[in-house]
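Each remark here refers to the structure printed beneath this line.
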Amino acid sequence: MSLYNDYEIDQYEKITDEIKSIISDKHIIKVDINNLKINDMVYVCFYPDSQKYIYLLTPKIGKVSSIENKDDPCIKIINYKNETEYLLHPGVSYMGHSLGYDYQIYLIE
């Protein structure tokens, strides 16, 4: 029995390949979430605490469109498909005491 289904794997690989092609000739620089500004182009990688979520926490890329609450940022981006979405995935922690994953944000230049 597998934790993953073929659709999840295919979607993850498709999104990852699309993002890789977008950033292949770009320069990326690590940045802290608190240093993001409106109109920054960003790329986010996710590292789940449980392997159960490897294929659900797809990477994201897009332009920062809004930042609310600087203390606990709620950031929206316009992704490469021209859709508005949150920068971070919803938490996947079983107990709800953390996000259940780590992430790294990069500025795209």
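Here are some notes:
- Set Leu87, Leu56: member being buried (at least 18 other Cβ atoms within 10 Å of the Cβ) and among the hydrophobic types (A, V, I, L, M, F, W, C): Leu87
- For segment 1-43, a residue qualifies if it is surrounded by fewer than 11 Cβ atoms within 10 Å (Cβ to Cβ), modelled with pLDDT of 95 or more and closer than 20 Å to Tyr53 by Cβ, and exactly one does: Asp17.
- Single residue of Lys60, Lys76, Lys52 found to be under 23 Å from Asp10 (Cβ atoms), among the basic types (Lys, Arg) and at pLDDT 95 or above: Lys60
- Close pairs from segment 5-30: first at positive phi, partner among the basic types (Lys, Arg) and at pLDDT below 95, Cβ under 6 Å, at least 6 apart: none
The values are calculated or read from the model by the stated rules, or taken from the named source; none is laboratory data. Since the structure is predicted, the reported quantities are computational estimates derived from the model, not experimental observations. All Cβ positions, even for glycine, are placed from backbone atoms using ideal geometry, and neighbour counts span all protein chains on display.
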